[in-house]
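Q: Have a look at this one before I ask anything.
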Amino acid sequence: MTTAAPVPSAPEPVAPVTPFVAPEPSLPAWSLAKRLGFRFVCAYILLYNFPFPVYAVPVVGAPFSEAISDFWNLAVPWVARNVAGYPGELPLTQTGSGDKAIDYAQTAFFLALALVATGVWSLVDRRRPRYVKAHALLHVYVRYVLAVPMLSYGFAKVFKSQFPMVSVERLTQPLGDFSPMGLLWTFMGFSTGYNLFTGSAEVLGGLLLLARRTTTLGALVVIGVMANVVALNFFYDVPVKLYSTQLLLYAVFLVLPDLRRLADVFVLNRATQPVSLELPFTFPPLATWGMRATKALFIGWLLYTHGARSLESRMKRDEGASQSPLMGLYTVESFTRDGQERPPLLTDPYRWRAVSVGRYLLSLRMMDDSRRHYPVKEGEDGKSLLLMAGRGPDAKVLATLHYEKPDAEHLVLKGEVDGARLDVHVKKVDTSKFLLLERQFNWVQETPFNR
């Protein structure tokens, strides 16, 4: 008799093994000083740059920006007079200067508002230990706030529209009569190559700021560029001190998160670890692609508008546009005033010594070396120059000089200036013979050529 083999019992179920996952370390709380500092910096940057980038929105951007500007033009003078006790007026006329009294007052007003906002924010949000997401958003905002002017100023130098070539008036102006800013503008305007070099550095810094991966490198480039610009503005009395200093500080702000890592590499010779470039946010795929498309359009708009605008401005400059046949420097051969010819005496306060005609300016050099400048434009008859009182469509005509060209080198000017009838014969000077324009680049120099 045989026995059947025992039927094996079913194995007992084995519980799945859950792998051990170490909990993510919580981020340390920010110190009170760091939280207060972030609140203040955030409030000030937003106040100073608002409504950026709304101004770029078609149709509504420009009117909205003008409304904000009009509001500050009302609020700042009122606060200056009634709160700060400022005794004088704060002119609002646009003069091309960025360091007007109203600009300093507005900056002080923004600093005061930022302090108030910091206090309110600190009371309302006093229990928050850190601002990781807010800092990430502010970091992105400052990147674009800084990239836009860097591209604008950079393209203005690449296409040489910011610093025009040395004018005929500058060529005859004694060095001692230059203002510090005029000396700097002449220095920069002389060299197309140096404009291209400095402008390319600014464009490079601006472009690098547009990507998170290259932000730190771009900020370092901008710090190098803007430190030099700030120094030039301060030491050559260029009235862009406030704005250029803030651009430099924006670049420093962008570098601060990587300051310890940069010190480890460049100073302490220590190894450093990579940081995550991802934003502390999650978005649906469709939203992510939408933001990428918006960014691409914005960058394209930046490059097109600033590049095209600088090129257009360059083409309007004397060296980039068609030259007027009258433009140039002239010496006075004979000068008749009210029918009486005036000899070239240094004591004569009325006789002209030289005349320079630019695209927008006519300059007179008198016998005593004093100078007079008149905005000028061509008359509708094509045979006259209109000396204007000021610029713009509302400028009035001070005098009309009719001209004749007996030959290519001579010019006859006739008209009434300052209540006197003038008949002036002048001869054109070959400005290419000026040493500043004649001297070219040389690889080999046996001795320094320093005149």
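The values are calculated or read from the model by the stated rules, or taken from the named source; none is laboratory data. In this text, all values refer to a predicted model and were calculated from it rather than measured experimentally. Note that we place each Cβ from the backbone using ideal geometry, even for glycine, and neighbour counts take in every protein chain shown.
Q: Where in the range 224-317 are there helices (runs of 4 or more DSSP H), lying fully within it, with 1 or more residues that are in the same structural domain as Ala136 (by TED's automatic domain parsing), closer than 20 Å to Leu210 by Cα and touching a residue at least 60 places away in the same chain (Cβ under 8 Å)? Full working, then the answer.
A: Details: elements: 241-255, 259-266, 285-316.
Qualifying helices (runs of 4 or more DSSP H): 241-255, 285-316.
Q: I've got another one for you. So if I check each of Pro375, Pro393, which one is over 19 Å from Val426 (Cα atoms), surrounded by 16 or more Cβ atoms within 10 Å (Cβ to Cβ) and not hydrophobic (A, V, I, L, M, F, W, C)?
A: On the way: Pro393 fails: surrounded by 16 or more Cβ atoms within 10 Å (Cβ to Cβ).
Answer to the selection: Pro375.
Q: Also: From the list Gly96, Gly119, Gly154, which residue is of a type in the set (Gly, Ala, Ser), modelled with pLDDT under 90 and either out of contact with any Phe, Trp or Tyr (no Cβ under 9 Å at 6 or more places or on another chain) or under 22 Å from Ser31 (Cβ atoms) (or both)? Outline the logic, then answer.
A: Details: Gly119 fails: modelled with pLDDT under 90; Gly154 fails: modelled with pLDDT under 90.
One residue alone meets the criteria, Gly96.
Q: Give me the helices (runs of 4 or more DSSP H) completely within the range 117-193, filtered to those with at least 3 residues that are assigned by TED's automatic domain parsing to the domain that holds Pro280 and more than 22 Å from Leu247 (Cα to Cα), ordered by residue number. Working first, answer last.
A: Working: elements: 132-158, 168-171, 180-190.
Because the criterion is at least 3 residues that are assigned by TED's automatic domain parsing to the domain that holds Pro280 and more than 22 Å from Leu247 (Cα to Cα), the helices (runs of 4 or more DSSP H) in the range 117-193 that meet it are 168-171, 180-190.
Q: Out of the range 193-229, which residues are surrounded by 14 or more Cβ atoms within 10 Å (Cβ to Cβ) and basic (Lys, Arg)?
A: Result: Arg212, single match.
Table: residues versus (1) at pLDDT 95 or above; (2) over 27 Å from Ala43 (Cα atoms); (3) charged (D, E, K, R).
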site	(1), (2), (3)
Val229	yes, no, no
Phe235	yes, yes, no
Leu242	yes, no, no
Thr245	yes, no, no
Arg270	no, yes, yes
Pro274	no, yes, no
Lys295	no, no, yes
Gly307	no, yes, no
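Q: May I pose another question? Six or more apart or on different chains, Cβ atoms under 6 Å: show the pairs whose first residue is in the range 332-351 and closer than 17 Å to Gly419 by Cβ and whose second is surrounded by fewer than 16 Cβ atoms within 10 Å (Cβ to Cβ).
A: Thr336/Asp423; Arg337/Tyr350; Arg337/Ala420; Asp338/Ala420; Asp338/Arg421
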